Every structure is written in structure tokens, then in C-alpha cells.
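The values are calculated or read from the model by the stated rules, or taken from the named source; none is laboratory data. It should be emphasised that the depicted structure is a prediction, and the values quoted were computed from it without experimental measurement. Cβ: placed from backbone, ideal geometry, glycine included. Neighbour counts: every protein chain shown. Calculation scope for accessible area: heavy atoms of the full protein, side chains included, ligands and nucleic acids excluded. Shrake-Rupley method; radii C 1.70, N 1.55, O 1.52, S 1.80 Å.
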Amino acid sequence: MKRLQTYVILLSCMLMSVGIQAQSSSSATADSLQSTSDSLVQQLRNQVQELELQGIMMREQLERTGQNAREDSLRMAERKARIDSLRQTTTGAPLIIEGDTLFTIYARKGGMLPQARVEATQAMILETGKSLTLFTDSIYVYESDITTDIMAGERVVMSVTDNDALWQNTTRQELAAQYGDIISRKVNELHEAYGLQEKLKGVFFVIIILVVQGLLIWFTNWCFRRWKFRILHMLLKSSKPLTVKGYEVLNRHRLGLFFAYILTFVRIGIIFLQLLVSIPLLFSVFPETKAFAYKVFGYIWDPFTDIIFSVIGFLPNFFKIVVIVLCFRYLVKAFRYLANEVGSGNLKINGFYADWAEPTFLILRILCYSFMFVMIWPLLPSSDSEVFQGVSVFIGVIVSLGSSSIIGNVMAGMMMTYMRPFHIGDFIRYGDTEGFVIEKTVLVTRIRTRKNEIITIPNSNLMSSQTSNFTFAAKNYGVIVHTKVTIGYDMKWQLIRDLLLEAARQTPYIVKKPEPYVRITALDDFYVEYEINAYTHRPEALSEIYSELHQHILDSFHSNGVEIMSPHIMATRDNLETQIPKE
């Protein structure tokens, strides 16, 4: 439009100049001028037409440009409205450098997501800031047609687009200038921390820390070498040997070794504490290793803090556990007192035998401790964790699978305690084994035979087989000693009976009341079987009684001319006397 106005003004000026020249010309040259003016007018008309055509084209161009501008403004407004609606739900990607959040990027740049743009910008800032050399004017803003770039020398740190400006409600140039200032300050801060000057300072401090730590270790070792024997002498002089029930657990030599180990442990602990301080200091000198120093220090320090806080948090449950343990402890002591009174006979309960006191106390103690364990279990640390529960289940399965025979023996021992088949000191028979009961436990019973052999029998075996209690029978009824002899049919049974009774009366430990008696137990083909039966109240002397009885039977039979023999006559009866006793 401005160009059209310029052309019109120029045309007017030319017409005015032509008019002035025409009036001032002389009449002599009127004809020539008339022709010249006609040509000029024609040219001017042609130029005017061209200008009109250009004006029409320019008006059309302006109309199209205004329409495009209106469309662009509408598209921009629509894009801004869409961004405003997304602003409530889009978090964006924050640019964080060493814990400092510089700004947040929301828009893409081409195919790069905001997070990828942040990572690339972060890498460029760190690389630029951590370089050993840096010029203060190296960070600047470069304007292009599509984007505004933040440069570091000849490298692009970040490109700001129109979408970024829309997200921040500003123009692209203003946003680029704002981001450039932020990035420039951060790069300078990084250079101050990671520059060449800081590296030289770090090397100097590392040398100082190493020298100081070496001197401390040398001084610690020198002090312990110098004072070790004096301290040991003082400790041994003021201490006494540790004796437990007459056994010297720690004599002076062992005490000396013990104190020497303690001093060595103290020396190593002091050096370890020194390293615990110096190593993190050594790594914290350089910013690149500062995070590693904190991590190493955390590896060492965190377990101690965790233990301390765990102990502090466990104190309420610990006091509960102490109260529960004390209550059950005194309850068990009360049961112990009652069991001792019942076992000693001072306290008698109808239907409750004295020998039941000890096993009943054991059962009650197991029950009390089981209830105590059940009450304490939820109060233990990490008792509700899956690992703790899994380990407890695993241990329970192993115990249940591996202790089935043990549980069987324990139950059998408890049943025998209340069945009272025998007591300690009783003479019993188990299968082919005879002997005295010398020990009864919840698992096994031990028997001493007549030959002083100690036989251990599981309680489950005793429960599943027959046992004979000679002591109980002898005390209440008397044990019958019996033995058999076989005599031929040629001897009178009355004589044999009298001889057997006489032998029984001469045997020691055979009681006279009830009297011994003889039974004829069998009439076989070749002999008669006699059995002598006699009572005794000394089952522990059965082997001596049988030996004496057999000796007296031999003496009695031989002195009366009776031959103890069972003839097996297999020949014919020709000229053979009958096997009938003579008168």
C-alpha cells in the first residue's frame, strides 16, 4: 500500500512539471511541444495503468496476507488454549543439575521427547561446567529463523522453540534469554567446583590427609608397643583367676593371653575409627568422588544407626518380654517347690504318687515355657516378616521330620511314668535281658545286668513289648524260683519230690512260708519231668539262688543214689527189666 502511494505522488509531480514547462514555452515551439507532450502523456497513461495493475495485485496480496495473518493468529490462539488445557495434567521434565532444579521443559523438539531434551541439555551443561578451562563469555544466545539456540562456544547447549515459549506464556527470545542466564550461572558454579584450581586444592588436601593418617597409625602402634606390657602387668596384678566349681577356667597364663587379645582388638578398633574418618574425607575432597564418599560412609555408618534405632524402637517390647519372662520364671519356681514337697512326701495328694512329681513338673515347665514363647514371639523384631516366618516354618518342618522317633520316645517315657511299670532300682526282665533299672529319662531307660553290662533301651521299645518287674512281685507276693529235672520211670515220684523239697529248704534266700512245692509237669516217653517251685523275696539274688538250688539238688540226689539221667532206650524189650520202681 505504501509503494502505491509513492507511485501516485511521483506521477503528480511529473504532470505538474510538464504543465509548467508548457506555459513557459514560446509559441514558436508550440507544435513541437504539442507532439512531445502527447507522447509524454501517452507514456504516463501507460505507467498509470501499470501502477493500477500493480495496485490491484498488491491489494489482492494484502488481502491474502491479512487472511493468513488472521489464520495464523487463530491457530496460535487455538494452540495456546490447547496448551493451557494440557498444563493441568502435564508435569513436564525438570532439568536438575546436582540437586538444583533449573527449569522445566514441556514441549517436544521435533521427534525428541522432553525427557530426552533434558538429558541432552544436562549432559552439555555438566560437560561445559566441569571442563578445566572456561571463558566467562562462552555462553551466549544465537537467533535463527525457527529456534533460538543457547550456545557454549560453537556447541548448542539447548534450543528454545515457539512451543516452549507458549508453555511459559512468553516469547521465544525472552525465554531463551532467561534460560541462557540460568544456564550461564549454573555453568559458572560448576566450574568453580570442578575447575583446575579446585583440582589442585584437592590434590593438596589428599596429600595432607594421607600424611596425617599415616602419622596417626604410626603413633597408635608406637603407643601400644610402649605401654602394652605395662598395661598387661597392671591388669594381671589386679585380677584373679576365674574358677567355676573348682575348675580353673582362666588361670594367669590364659588371663594374660585374653588381655593381650583385648588390647590388640582395641588397637585395631582405634585404627579402624581413624580410617572411618579419613577415608570419607579423602573421597570428599573431589566433587566427582564426594557422592561415593558419602555412600562408603553410609555403608559403614548405616548399620550402626540401624542397630541403634532398632534397639531404641525395640525397648517397649523388650520391657514386655522381661515382664513375661519374670512372671513365668516365678510360676515355674512355684511348681518346682510343689514338686519337691510332693516328691519328698511332705505334701500328699490322694491318687497322686510321689514319683509322679518330677515328670509332672517337667511337663508343666514345658507347657509354661511354650506359652511364654507364644506370647514373646509377636514381640520379637521382624517377627511378622515373610523371611522370619519362612525360616520358622522351615525349622519346624525339619524338627518334625527328624524328631518323630524322639517324640515317640518322649511320649512313651511320659506314659511309663504314669503307668509306673517299674522304678529305679527294680529288677526287671525285658525280652532276654534281665537287670536292675539304674536310670529313667524321657527318651531311654538304662539297665545293668548281672554281669554289669549297661544296656540302653528306647522307651518306645519298652512300651511296645512285655516287661517283668521282679522287685514289685517279690515285695508283694514273692518271686517263685523254679527249675526242672527229668528222671526215669524206675524211680518213685515220692522220693524225687522229697529230695527236691529238701534241696529247696537248704538253699539260702528261700522262704519257708509259703512252702516250696513240686509239680510233675510231663510224662514223656522215656522220663518224668519234675519241677521244684520255691518263694523268695530277694529277686536281685536270683542268679545265686538258682546256683545254690542246683548244687543242693545234685548233692541230695547223689547222696540218695538217684541218678539224674533221662534214658532213651531204643532197643527191643527182650530180657529188659520193666521201668517200674521196685518195692
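Summary table below
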{"read-out": "Hey, G202 modelled with pLDDT of 85 or more, part of a helix (DSSP H, G or I), small (G, A, S) and more than 30 Å from M112 (Cβ to Cβ) or not", "value": "no"}
{"read-out": "Residue check for L263: under 30 Å from L282 (Cα atoms), of a type outside the set (D, E) and surrounded by 15 or more Cβ atoms within 10 Å (Cβ to Cβ)", "value": "yes"}
{"read-out": "Failed condition for G246, given (1) open to solvent by less than 100 Å² (accessible area, probe 1.4 Å); (2) at pLDDT 85 or above", "value": "(2)"}
{"read-out": "Residues of the range 270-301 satisfying the condition of being touching a residue at least 60 places away in the same chain (Cβ under 8 Å), surrounded by 14 or more Cβ atoms within 10 Å (Cβ to Cβ) and either closer than 21 Å to H191 by Cβ or not polar (S, T, N, Q) (or both)", "value": "L275, L281, L282, V285, F286, P287"}
{"read-out": "Residue within the range 143-157 that is closer than 14 Å to G129 by Cα, open to solvent by less than 70 Å² (accessible area, probe 1.4 Å) and in a helix (DSSP H, G or I) present", "value": "no"}
{"read-out": "Cβ-Cβ under 7 Å pairs, at least 6 apart or on other chains, the range 353-378 side under 20 Å from M419 (Cα atoms), far side β-branched (V, I, T)", "value": "A354/V342; W356/T417; A357/V342; P359/T417"}
{"read-out": "Residue satisfying condition, being assigned to a strand (DSSP E or B) and not hydrophobic (A, V, I, L, M, F, W, C), within set T521, T471", "value": "T521"}
{"read-out": "Filter pass, A165 being at pLDDT 75 or above, among the small types (G, A, S), open to solvent by less than 80 Å² (accessible area, probe 1.4 Å) and touching a Leu at 6+ places or on another chain (Cβ under 7 Å)", "value": "yes"}
{"read-out": "Hey, G425 modelled with pLDDT of 80 or more and not in a strand (DSSP E or B) or not", "value": "yes"}
{"read-out": "Residues that are open to solvent by 40 Å² or more (accessible area, probe 1.4 Å) and in a helix (DSSP H, G or I), drawn from the range 439-466", "value": "S460, N461, M463, S464"}
{"read-out": "Cross-chain or 6+ apart pairs with Cβ under 6 Å, the range 324-335 first and farther than 15 Å from F373 by Cα, then of a type outside the set (K, R) and surrounded by 13 or more Cβ atoms within 10 Å (Cβ to Cβ)", "value": "F335/F361; F335/L364"}
{"read-out": "Of the criteria (1) closer than 30 Å to S310 by Cβ; (2) among the aliphatic types (A, V, I, L, M); (3) modelled with pLDDT under 80; (4) in contact with a Phe, Trp or Tyr (Cβ under 9 Å, 6 or more places away or on another chain), which one M416 fails", "value": "(1)"}
{"read-out": "Tally, over the range 190-223, of residues that are hydrophobic (A, V, I, L, M, F, W, C), farther than 21 Å from E98 by Cα and open to solvent by less than 40 Å² (accessible area, probe 1.4 Å)", "value": "3"}
{"read-out": "Top-ranked residue of the range 173-189 - restricted to ones that are surrounded by fewer than 20 Cβ atoms within 10 Å (Cβ to Cβ) and not polar (S, T, N, Q), ranked as nearest to F103 (Cα to Cα)", "value": "I182"}
